[in-house]
Amino acid sequence: TPETVELAYETLRTTMPFCKWQLPHADEISFRIMTTRDYIGCFRGVIDGPQEISLSGTRIGSLDTLNRVLAHEMIHLRQEIKRTFTPNTEHNAEFRKLARTVAKYHCFDPKEL
């Protein structure tokens, strides 16, 4: 449910490295559950505007997968806030570096982020 995703977001937000990134509180983000199989997760943001994290309810079946996909979208959120994304590029060099850092702290496979 969106409430589950919101609670997972707040939990991750309090851990390293997310707690150093000054990410917005969950109340400032819209959380959606998608029914598509095309995407497992999606971040949509507007600089200085509304941000949305959507996760696929049909492709996420465990808390482990939820946390990995949510962590991935939180990296996109950080890049949106810091304006370090590269237009027309889904995952730039900085994204990959941040993913390695997140993977280290949370024992994720960086290739899965």
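The values are calculated or read from the model by the stated rules, or taken from the named source; none is laboratory data. None of the values given here were measured: they were computed from a predicted structure. No Cβ is skipped: glycine too gets one built from the backbone with ideal geometry, and neighbour counts run over all protein chains shown. For the accessible areas, the whole protein counts, side chains as well, though only heavy atoms, and no ligand, DNA or RNA atoms are used. Shrake-Rupley method; radii C 1.70, N 1.55, O 1.52, S 1.80 Å.
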For labels at residue 14 and residue 88 in the simple 7 Å Cα→Cβ model, what's the distance in nm?
4.3
Keeping all protein chains in position, work out how much accessible area residue 46 exposes to a 1.4 Å probe, and write it in Å² to the nearest 10.
80
Accessible-area order (highest first, 1.4 angstrom probe) of the listed residues 32, 37
37, 32
According to a simple spin-label model (label point 7 Å from Cα along Cα-to-Cβ), what is the distance in nm between residue 111 and residue 33?
3.1
Vicinal HN-Hα couplings computed from phi for the stretch 19-31 (Karplus, 6.51 cos²θ - 1.76 cosθ + 1.60; Hz; Gly/Pro x)
5, 8, 8, 6, 6, x, 4, 4, 4, 9, 10, 8, 10
Accessible surface of the chain [probe 1.4 Å, protein heavy atoms]: carbon and sulfur percent:
50
Each label sits 7 Å from Cα toward the beta-carbon; between residue 100 and residue 52 the label points are separated, in nm, by 3.4
Largest fluctuation, 49, 41, 57 only, Gaussian network model of the chain with Cα springs under 10 angstrom, belongs to 49
